[in-house]
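Undergrad: Supplied in structure tokens, the structure appears directly below.
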Amino acid sequence: MKICFLIFALNLASEVFPADTASVKYFPLKAGNTWYYKTTYSPIPFPPYFHKDYIEKDTSINGITYFKFYQHGSVSFIRVDSVKGNLLAYSPGNGCGSYSNDKIIDSLASSPGNQIICLYQNIQTRRCASTGTQNVFGIISDTKDFAHDGLFVENIKYAKNFGVIYSCSGEPPPCGRFYESYRLPD
């Protein structure tokens, strides 16, 4: 019985939700891509912080193409599994689900209600909360909202062809109690 539960739990952690075949467009990866953000912190009213996230280059690790990604001053190697629609971060020997060397950041192919369980950056669960459309810099774009929970809560909104356009975090909830970040035009 314990073995059956373990197999079920491992399958749940690597569950794939094939809802959107264009999921890779929710986080476009290409060397040179740059995103600008305005971040505010609370409850202490610090001045807004303007920063850029960018992809410096692509590189091959174990025969798989990753992108060197600078985000909030830290560096990671990320990729999108175009078959399963998962946005992944390289984590050698410490992956989750069917990925032995990758952590799941979000399952961009998810439909609302689908949830992934994978511990990454103090976040345990990643659930697609909703989908919709939004005007992003004058272009109507499909969007997906993800709700993350773990040691703190985090919400992330992706827009097709734009990447992350909004994120917030907080502990204790609600989201935004620690930071809110908005994408700025290039």
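Undergrad: Local charge sum around PRO172 (other residues, Cβ-Cβ under 15 Å, Lys/Arg +1, Asp/Glu -1)?
TA: That works out to -2.
Undergrad: Taking the Cα atoms of the range 2-184, what is the range of coordinates along each of the three principal axes, in descending order and whole Å?
TA: Over the range 2-184, Cα extents along the principal axes are 52, 37, 30 Å.
Undergrad: Projected area of the range 82-186, taken from the Cα convex hull and averaged over every viewing direction, in nm²? Mind showing how you got there, number by number?
TA: On the way: hull surface 28.4 nm².
So the Cα hull casts an average projection of 7.1 nm².
Undergrad: Same structure again: For a label point 7 Å from the Cα of TYR70 along Cα→C-beta, name the residues of the range 29-60 whose backbone N is under 15 Å from it.
TA: Only 31-37, 50-58 pass the distance filter.
Undergrad: Please report, largest first and rounded to whole Å, the three semi-axes of the ellipsoid equivalent to the range 112-163, where each semi-axis is the square root of five times an eigenvalue of the C-alpha gyration tensor.
TA: 24, 11, 8
Undergrad: Check the straight Cα-Cα distances from LYS103 and name the aspartates and glutamates below 20 Å, setting aside those fewer than 8 residues away within the same chain.
TA: Filter leaves GLU15, ASP53, ASP58, ASP81, ASP145, ASP149, GLU154.
Every read-out reported here was derived from the displayed coordinates using simple, explicitly stated rules and does not represent laboratory data. Keep in mind that this is a model prediction, so the values were computed, not measured. When we count neighbours, we look across all protein chains shown, and the Cβ atoms used for this are built from the backbone with ideal geometry, even at glycine.
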